[in-house]
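The values are calculated or read from the model by the stated rules, or taken from the named source; none is laboratory data. Everything numeric in this text was worked out from a predicted model, so none of it was measured. Neighbour counts run over all protein chains shown; Cβ positions are idealised from the backbone, glycine included. SASA here: full protein model, heavy atoms, side chains in, ligands and nucleic acids out. Shrake-Rupley method; radii C 1.70, N 1.55, O 1.52, S 1.80 Å.
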Amino acid sequence: MSTVNTFHLPDLGEGLTEADLVTWMVAVGDTVELNQVIAEVETAKASVELPSPYAGTVVALHAAEGDTIDVGRPIIDIDTGGGPVDRSDVPAETAAAASDGETERVPVLVGYGVAGEGTSRRRRTGTTPRVDDAPADGTVTLGITPAVSEGRRRPLAKPPVRFLAKQNGVDLTAVTPTGRHGEVTRADVTGYLSDRAAPSGDGAHVAADVVAESAPATRHLEETRTPIKGVRKHTAAAMVTSAFTAPHVTEFMTIDITETLDLLERLRVHRRFAETRLTPLALISKALLIALRANPSLNSYWDEDAQEIVTKHYVNLGIAAATPRGLMVPNIKAAERMSLHELASALVELTTTAKSGKTPPADLAGGTITITNVGVFGVDSGTPILNPGEAAILCVGAIRRQPWEHHGEIALRSITTLSLSFDHRLVDGEQGSRFLADIGRILSDPLELIALG
């Protein structure tokens, strides 16, 4: 007889007790190899790919995309033998699905675990059919995507593309892929949406009339409801805790960074930076690190349990990054030890990894101070909320060419506004002001950056 092994959601570290199932990479009936990625899950801190601990044939999936699964709960059954499945170890519905290709779409246990054990919390959406909405033949798919419910391999697509499709209610199996490796791209999804939205012929007028007549009854169709999960759920809870726990103070300083930008252009053509993308953020980060040496209180945290202020003598520099999965703040470990070249390289790697959704949980933990750059959105300044467990966060506004007093005359200069939020339990007004002034002085005069860096 064959042996059916059950893979349970493993402990993903960092004290995490649950994860959201984002994407199945396999379907019932697929053959998987050892360490082949079978699913992508999203925790409160990062997106994680799950490799298979077994080689064999998939005979059951115990969760549907969108479910929240507790650590230790079963998520997949894999037949590791070569012969017939031992149906004493597999629920009847699954055994039937594995042996009959035409009924592979029937596995109603998906998302319910073995024999209705309740292995996950099913998502609440308006598109998931209830049991009492089932067709007469009793077949209930319970929100399973066609690729899983019909036993076909899922369309290839990166997580951000799947997220875009899910947000717009697009079935990826209906989209023609144009990617190099046969994957569905973002352009494919947006093109599909454009084609679907385009009116054509008299049918468009008929559809418009129907919508107009039934508008009061279908008003909910004009809304989009997104479950609060994963990174966004974690970020929301952390920001609320921070805002109502740490007494925030925010100060602003507008500075002329023309000379620093001139230095940036000279460094970009230097052979040392030939293969590194050097940005203003690298110089701003370096200025912050230099300013911390004289203002260590900005690199501390409040230990409520011990009733102590803990000042750290290392800097894990957090960089707030907008990603398809929401706001993330990965950090550069031991940034205070890095040269400008090393810091610039680390920033490029950090932002690239974050935008791809592949930041490991370890890079999201242990930050000591953060920079957030709202200038990339054309915003001049803001009042940032502290990252929990940190004393300060620096917000960088847009860099604009505008009239400014320079050597007693009015000239067009490159101007930006810095805003610093800090925890007033840890940082006095004088300390916070000196820190912000030090950063401004260094960025206004690049000789400070060179001499102190």
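Structure above, values below:
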read-out	value
Nonlocal amide H pairs with residue 394, under 5 Å, H built at 1.01 Å	370, 371, 372
For peptides 377-386, 51-60, 398-407, sequence by mean Cβ density within 10 Å, most packed first	51-60, 377-386, 398-407
Sites residue 186 and residue 376, calculated FRET efficiency, Cβ-Cβ separation with R0 30 Å, nearest 0.05	0.95
Peptides 315-328, 162-175 ordered by average Cβ neighbours within 10 Å, highest first	315-328, 162-175
Residue 355 paired with residue 270, simple spin-label distance in nm, labels 7 Å along Cα-to-beta-carbon	2.5 nm
Local net charge near residue 291, Cβ-Cβ under 12 Å (Lys/Arg +1, Asp/Glu -1)	+1
Radius 13 Å from Cβ of residue 55, net charge of other residues (Lys, Arg +1; Asp, Glu -1)	-3
Formal net charge of residues neighbouring residue 367 (Cβ-Cβ distance under 11 Å; K, R +1; D, E -1)	0
Most to least accessible of 33, 304 (protein chains only, probe 1.4 Å)	33, 304
Other-chain or far-sequence residues with amide H under 5 Å of residue 413's (modelled H)	402, 404
